[in-house]
1. Quick check, is A:Y45 hydroxyl-bearing (S, T, Y), surrounded by fewer than 16 Cβ atoms within 10 Å (Cβ to Cβ) and in contact (Cβ under 8 Å) with a residue 24 or more places away in the chain?
2. Has the stretch B:1-11 got any residue that is part of a loop (DSSP other than H, G, I, E, B), in contact (Cβ under 8 Å) with a residue 60 or more places away in the chain and within 14 Å of another protein chain (Cβ to nearest Cβ)?
3. Looking at (1) in contact with a Pro (Cβ under 9 Å, 6 or more places away or on another chain); (2) surrounded by 15 or more Cβ atoms within 10 Å (Cβ to Cβ), which is the one condition that is false for A:L24?
4. Which condition from (1) in a helix (DSSP H, G or I); (2) of a type in the set (A, V, I, L, M, F, W, C); (3) more than 14 Å from chain B (Cβ to nearest Cβ) is the one that A:M43 breaks?
5. Conditions: (1) charged (D, E, K, R); (2) exposed (fewer than 14 other Cβ atoms within 10 Å of the Cβ); (3) more than 14 Å from every other protein chain (Cβ to nearest Cβ); (4) in a helix (DSSP H, G or I). A:R29 meets all but one. Number of the miss?
6. Hey, does the stretch B:76-89 have a residue that's over 12 Å from the mean Cα position of the chain (by Cα), closer than 30 Å to B:R109 by Cβ, crowded, with 19+ Cβ neighbours inside 10 Å and in contact (Cβ under 8 Å) with a residue 60 or more places away in the chain?
7. Against the condition without any contact (Cβ under 8 Å) to a residue 60 or more places away in the chain and either surrounded by fewer than 18 Cβ atoms within 10 Å (Cβ to Cβ) or β-branched (V, I, T) (or both), how does A:G36 come out, does it pass?
8. Are any residues in the stretch B:61-73 closer than 22 Å to B:I86 by Cβ and either part of a loop (DSSP other than H, G, I, E, B) or at pLDDT below 70 (or both), and if so, which ones?
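The values are calculated or read from the model by the stated rules, or taken from the named source; none is laboratory data. Given the structure is predicted, the values throughout are model-derived calculations rather than measurements. Heads up, the Cβs are rebuilt from the backbone with ideal geometry, glycines too, and the neighbour counts pull from every protein chain shown.
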Protein chains: 2
Amino acid sequence: MDYRFKVWLEQDGQPVLGDGLLNLLTLVRRHGSIRGAAGEMKMSYRQAWGNIKKAENRLGIKLLIKQIGGESGGGAHLTPEAEQLIRKYEDFRCEAGEAVKKSFLKYFRQ
Amino acid sequence: MDYRFKVWLEQDGQPVLGDGLLNLLTLVRRHGSIRGAAGEMKMSYRQAWGNIKKAENRLGIKLLIKQIGGESGGGAHLTPEAEQLIRKYEDFRCEAGEAVKKSFLKYFRQ
């Protein structure tokens, strides 16, 4: 027996940050561009940017700053607010995951 | 900001017990029949019984005992193994949920 666990953040009952967007934002940070991140996740630029904008609207904060060149090839980097949100979500997910694992072992591996 | 959390049990990488099946089994217990439980969940008898059988096969245990009358109207009740599994899953989910909530409050409501 094993278990799976998912946790995500919501704002006004709408999802704003889960594993999918976290991966995307982390890849934007690494690649320095939405296009590079989208490519690695096998999604279109349009989808990737759409997901980010949706989260920005729901959260009421900017997650990305697009650099000159814009959609036709410019770079992008995460805002300090995005970096802070990611850090908190990662810490939350990690700590929550450890607790879930401990409970699972208590009930199913004794 | 708020959060959502899901946890489910798997066997050999396949889901075997999550909120959906838990609801269904709990309703079978209350109604004493698969048909009554399925009706309350707005699913067909066939779907409900299919989901239960799939979990039984993956777990390698019987979850239900069907009474005389069978598919044409007989009742059903949970096996002791199902009752034990449900109890453990509910305790696990509840304890894990409390821990996740505590972590969320720590990171997002300070």
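1. Yes, satisfied.
2. yes
3. All conditions pass for A:L24, except number (1).
4. The one condition A:M43 does not meet is (1).
5. If we test A:R29 against (1) charged (D, E, K, R); (2) exposed (fewer than 14 other Cβ atoms within 10 Å of the Cβ); (3) more than 14 Å from every other protein chain (Cβ to nearest Cβ); (4) in a helix (DSSP H, G or I), just (2) comes out false.
6. There is no residue in the stretch B:76-89 that is over 12 Å from the mean Cα position of the chain (by Cα), closer than 30 Å to B:R109 by Cβ, crowded, with 19+ Cβ neighbours inside 10 Å and in contact (Cβ under 8 Å) with a residue 60 or more places away in the chain.
7. When the stated conditions are applied, A:G36 passes them.
8. B:I61, B:K62, B:L63, B:Q67
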